[in-house]
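Worksheet: the structure to be examined is printed underneath.
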Amino acid sequence: MDINAISTQIDLDIQGVHSSEGLEEFRLKYLGRKGVIAELTSTIPSLSKDERAAFGQQVNSLKNRLLALVEDKQKTLSVQSENTTYTSFDIGMPGIAQGLGHLHPVTQITDEICSIFSRLGFSIVDGPEIETEYNNFTGLNIPLEHPSREAFDTFYLKNYAKLLLRSHTSPVQVRAMQERKPPLAIVVPGRVYRPDAVDAAHSFMFHQIEGFMVDEGIKFSDLKGVLEKFAKAVFGKAINMRFRPHFFPFTEPSAEVDISCIICKGKGCSVCGRKGWLEILGSGMIHPHVFKHVGIDAKKYTGFAFGLGVERIAMLKYGINDIRLFFENDLRFLKQF
Amino acid sequence: MKITYNWLKDFVDIKIPAQELAAKLTMAGLEVVALEEKAGDFVLEIEITPNRPDWLSVLGVAREIAAITNTKLKIQNPKGKARSAKGNFKIEIEDKKDCPLYSARIIRNVRVAPSPEWLRKRLELIGCRSVNNVVDITNYVLFELGEPLHAFDLDKLSQDKIIVRRAKDSEKLLAIDEEERNLKSKVLVIADRNRPVAIAGVMGGKETEVTTSTRNVLLEAAIFDPVVVRRGRQALGLQSEASYRFERGIDFAMVEKASARAAQLIQEICGGEDILFLSSGLTKPKEIRVDLDTAYVAKILGVNIARAKIKQILCGLGFKVRQKSKEVFKVGVPSFRQDVKLQVDLIEEVARVFGYDNIPASLPAVKPAITIREKRDLVSAIKAILVGLGVSEVATYSLLDKAVLNNLGLNLAKPIEILNPLSQDQEILRPTLIPGLGRAVSFNINQKQDYVSIFEIGNIFLGETKPREELVLGLALSGTNSFLLEQGLVKDEAGLLNLKGTLETIFLRLGIQGYEFNNQGALNCAIRIQNEKIGLMLRLSPKALEGLSIKNREVFALEVSLDKLFSFIRPGKKFTPLPKYPGITRDISFVLKDDLSVKDILLALNQKGKPLLSDIRITDYYKGKQIPAGFRGLTLSCFYSSNERTLTEKEIQPVQDLLCETLMQTFGVKMR
């Protein structure tokens, strides 16, 4: 057989291949067990010694050319076939995946705030929801019979004398300061309870985060610095802040912290009551009486403390207008977060 | 508290407009919550914190304005003096703790009439109704000086004495609000010889009030114990401008001044002669002195304020400041500042007037403690798993009504009750999360949700000798979850196995071993780890569903104690070397009676298959046309492997035969 003629035929044949079936046919014709190459190879032993080497080489190079051709054709065919087989695919159809659940917005805000303070070096500590009257009031310098207690109306337990549902997370200050020694930098998230009539702005149960720091040389300016870092991390760098003198029995000096209204940017709107400012937390330098109650030397140590309502922060941040939504657990609400 | 701009101007020259004044007051701690222009004046509504009774008056706010605008307070001393004529009139105070000071002024021949225009207008601007000139004057002085006064019609009293005493349990009093009150020994009263005539510090009596027919007046100015007034008004459910101020504390020095001021106004407006002033009680308390170390001011505030500035601020607020040493001031506290007892109280005053805005912000050097927060981290990990599995987190109330528990049909210990609930749904502390979750499911079913899959992690409350809180995970499922796959819509009806699978995923992630689920009847299943019960799963009973107003839907729930679960977490994972030799998988399909437990079968086969059988699992499960009723079809996949060699078919055939034999003989299955 004439190698050159075969070679020309190969070129013709490969041009006629347009499908993988055609390519397989081509491959079998030339490279199959009974194909042309096999046939040519089988003739080798019948050749004279001189002819064998040269012919063998020709067959071999032909075989290599065929292998290369098949491979090339395969590549072009597979590109073509992708284009033809999947042209009808509609990526507009819904994707397939296990749908995710949603974390409650209170959890998300709590985690966000705790993680900010964590990064500032604060530890996260929990405390019980059932508290003693002492830890909730007396230990925090809140007199039992004074109008300053009115902000902390409280649920008491039946059959357990002087036990109550904590009306704020501050009692954990008392616990932590009794159990640990300064330096302390602690945040406490948790549920609190107050017998308030429920409406869009009030709930008898809500969540607070308490934070405090006690060491030698802690100053009011540190309180300002830490809370500024916090507020800007939560509400963005563009906000303005102000510290307003206020009264809390467990801090002196005390301050309420306002941020410029995130809705109207301080111009005054219905959310901020036309004031341009939103109150976000209460704070101050820990009162010497609180230190005295927990046995910390107020001459040596100073500290600051602050407390905020998680739902309030979530309401401001997400624009939620009714606190009851947090506890109604409507999935259409929860799935937005 | 409402106050007007013009009234303030009686006491201090204000050179700034009302808007600016309001802003300055807010930043000094007197938060102005509303400012309204009205009848040629401005009405400021100020929120006064409970520690500052001295601000509950025009004078007090004016003093603050003088301090923050650095001007002088205009003090007006009332003119005229009562003749302290000796009479046979006496003041008797039963207990001077209840009433440290009582004064009575007798003014005769007054003409009671409507108030003049200016007086009526001032009172009405701040929301106080005008009654008559005498009553209006007592109110006017209350708002101006902060000392509550009361005027009695002298001729309706027994005229020989005034007694300040506790009420007797059987006594009654018709107050000026026209309501008759049953008095108790908690309540302090003003009485004459015969009967109580006023609730001390709270409200006067109807019978002795000043009316247009009144000719002679007894004007009371006194101090009553804050706690006694508080208990009294709480017991009677009564609140007044007077009690509001008495509860917060009255300036001892103001009693006589206010009485004189009222007397002066009465003489000016109503005529009459001021003929007698009597007072009884304790002597004026000694001035409190507090040392203020100026270095400590800087230490607390983080800013150096010049000593001269500190002195100027405190003097402006009415403190007497003397130099004790170079660094230390001796500060005399005025009688109207009962809230100032400590050095830090003075520091707050300095900071307030200096301006919180003028204190810089700094960052403290934090010395982080070693944080122990494993529990919180584990809770976060569980939440992340559940959210990944498509379960959403809810937050339900920790307080519940009793009724919902009774319907649940669980054996629960007696829950902790709330002493003072506001409503029925706050009767008890939840001893389980399941009712709250059930309500959330019910709510969402009503919102037409086909599939509800929710969890909560929170405390339950157990009423033992001491109340105990336990952290638990609760999960509830209801309805049909649909997945749109390429072959079309696939529906998965929620059931106990979904709960089981979810929990097993958590166990796997936390490395919990030796857990099992045990049926306890048709509705209920116990969850145990190493034989300790940590929780339960259940299908809510028809009664429970009815209690939750759920119709035509099943609800499945579980509750697991995380405190118990976490105690089974063992630290450290160990690597198991990967198999060196490939294994062989062989399937067995058979039909099994419904009342036999797969758990028992797997246990038995695992035993029989040792040591070559290294894993056995259920890979298919079906019920349907080809399977007779009361039976189910199962396919088990058996995996054989060895660490020493590649196994041959020949080797495993006898084991596989043994497994099939066991299945048939012990469990009576039919091979398929």
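The values are calculated or read from the model by the stated rules, or taken from the named source; none is laboratory data. Since the structure is predicted, the reported quantities are computational estimates derived from the model, not experimental observations. Please note: Cβ atoms are built from the backbone with ideal geometry, for glycine as well, and neighbour counts cover all protein chains shown.
Summary table
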{"quantity": "Residue that is nearest to B:MET254 (Cα to Cα) [pool: residues in segment B:94-112 that are touching a strand residue (DSSP E or B) at 6+ places or on another chain (Cβ under 7 Å) and not in a strand (DSSP E or B)]", "calculated": "B:PRO100"}
{"quantity": "Selection within segment B:383-429 - touching a strand residue (DSSP E or B) at 6+ places or on another chain (Cβ under 6 Å), at pLDDT 95 or above and in a helix (DSSP H, G or I)", "calculated": "B:LEU386"}
{"quantity": "Residue count for segment B:552-581, restricted to those that are on the phi < 0 side of the Ramachandran plot, without any contact (Cβ under 8 Å) to a residue 12 or more places away in the chain and either over 59 Å from the mean Cα position of the chain (by Cα) or exposed (fewer than 11 other Cβ atoms within 10 Å of the Cβ) (or both)", "calculated": "6"}
{"quantity": "Out of B:PHE461, B:PHE517, sole residue that is touching a Cys at 6+ places or on another chain (Cβ under 6 Å), touching a residue at least 12 places away in the same chain (Cβ under 8 Å), aromatic (Phe, Trp, Tyr) and farther than 27 Å from A:PRO94 by Cα", "calculated": "B:PHE517"}
{"quantity": "Answer from B:GLY80, B:GLY29 - the residue that is on the phi > 0 side of the Ramachandran plot and at pLDDT 95 or above", "calculated": "B:GLY29"}
{"quantity": "Test: residue in segment B:414-424 that is at the interface with chain A (Cβ under 8 Å from one of its Cβ atoms) and over 28 Å from the mean Cα position of the chain (by Cα)", "calculated": "no"}
{"quantity": "Enumerated strands (runs of 3 or more DSSP E) restricted to segment B:432-536, each holding at least 1 residues that are within 14 Å of chain A (Cβ to nearest Cβ)", "calculated": "B:451-463, B:467-485, B:488-493"}
{"quantity": "Single residue of B:LEU363, B:LEU378, B:LEU342 found to be closer than 30 Å to B:PRO226 by Cα and surrounded by fewer than 20 Cβ atoms within 10 Å (Cβ to Cβ)", "calculated": "B:LEU342"}
{"quantity": "Matching residues in segment A:268-289 - criterion: being within 11 Å of chain B (Cβ to nearest Cβ) and touching a residue at least 40 places away in the same chain (Cβ under 8 Å)", "calculated": "A:SER283, A:GLY284, A:MET285, A:ILE286, A:HIS287, A:HIS289"}
{"quantity": "Count - residues of segment A:149-193 that are in contact with an Asp or Glu (Cβ under 6 Å, 6 or more places away or on another chain), part of a loop (DSSP other than H, G, I, E, B) and either without any contact (Cβ under 8 Å) to a residue 40 or more places away in the chain or at the interface with chain B (Cβ under 10 Å from one of its Cβ atoms) (or both)", "calculated": "5"}
{"quantity": "Residues of segment A:18-45 satisfying the condition of being under 23 Å from A:VAL79 (Cα atoms) and in a helix (DSSP H, G or I)", "calculated": "A:SER20, A:GLU21, A:GLY22, A:LEU23, A:GLU24, A:GLU25, A:PHE26, A:ARG27, A:LEU28"}
{"quantity": "Test for B:PRO542: is it at pLDDT below 90 and not charged (D, E, K, R)", "calculated": "no"}
{"quantity": "Pair list, Cβ under 7 Å, 6 or more apart: segment B:376-396 residue within 7 Å of chain A (Cβ to nearest Cβ) and farther than 18 Å from B:ASP563 by Cα, other residue among the basic types (Lys, Arg) and part of a helix (DSSP H, G or I)", "calculated": "B:GLU393/B:LYS383; B:THR396/B:ARG439"}
{"quantity": "Candidates B:SER130, B:SER115, filtered to the one that is in a loop (DSSP other than H, G, I, E, B), among the small types (Gly, Ala, Ser) and either free of Cβ contacts under 8 Å to residues at least 40 places away in the same chain or within 23 Å of B:GLY60 (Cβ to Cβ) (or both)", "calculated": "B:SER130"}
{"quantity": "Residue satisfying all of: in segment B:291-347; in a loop (DSSP other than H, G, I, E, B) and aromatic (Phe, Trp, Tyr); nearest to B:ASN358 (Cα to Cα) among these", "calculated": "B:PHE319"}
{"quantity": "Checking B:LEU8 against (1) within 14 Å of chain A (Cβ to nearest Cβ); (2) touching a residue at least 12 places away in the same chain (Cβ under 8 Å), the condition it does not meet", "calculated": "(1)"}
{"quantity": "Options B:ILE652, B:ILE588, B:ILE616, B:ILE584: the member that is closer than 26 Å to B:GLN530 by Cβ, β-branched (Val, Ile, Thr), in contact (Cβ under 8 Å) with a residue 12 or more places away in the chain and touching a strand residue (DSSP E or B) at 6+ places or on another chain (Cβ under 8 Å)", "calculated": "B:ILE616"}
{"quantity": "Subset of segment B:6-25 (residues that are buried (at least 19 other Cβ atoms within 10 Å of the Cβ) and part of a helix (DSSP H, G or I))", "calculated": "B:TRP7, B:LEU8, B:ALA18, B:LEU21, B:ALA22, B:LEU25"}
{"quantity": "Selected residue (criterion: farthest from the other protein chains (Cβ to nearest Cβ)) from residues of segment A:316-334 that are under 28 Å from A:ILE239 (Cα atoms), assigned to a helix (DSSP H, G or I) and hydrophobic (A, V, I, L, M, F, W, C)", "calculated": "A:LEU316"}
{"quantity": "Sole exception among (1) under 30 Å from B:GLY624 (Cβ atoms); (2) assigned to a strand (DSSP E or B); (3) under 54 Å from the mean Cα position of the chain (by Cα); (4) not β-branched (Val, Ile, Thr) for B:ARG586, by number", "calculated": "(3)"}
{"quantity": "Count of segment B:133-175 residues which are without any contact (Cβ under 8 Å) to a residue 60 or more places away in the chain and over 26 Å from B:GLU273 (Cα atoms)", "calculated": "8"}
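Conditions (1) closer than 30 Å to A:LEU334 by Cα; (2) among the acidic types (Asp, Glu); (3) away from chain B (no Cβ under 14 Å), marked per residue:
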site	(1), (2), (3)
A:LYS34	no, no, yes
A:LYS49	no, no, yes
A:ASN60	no, no, yes
A:ARG65	no, no, yes
A:GLN74	no, no, yes
A:VAL79	no, no, yes
A:ASP90	no, yes, no
A:GLY99	yes, no, no
A:ILE113	yes, no, no
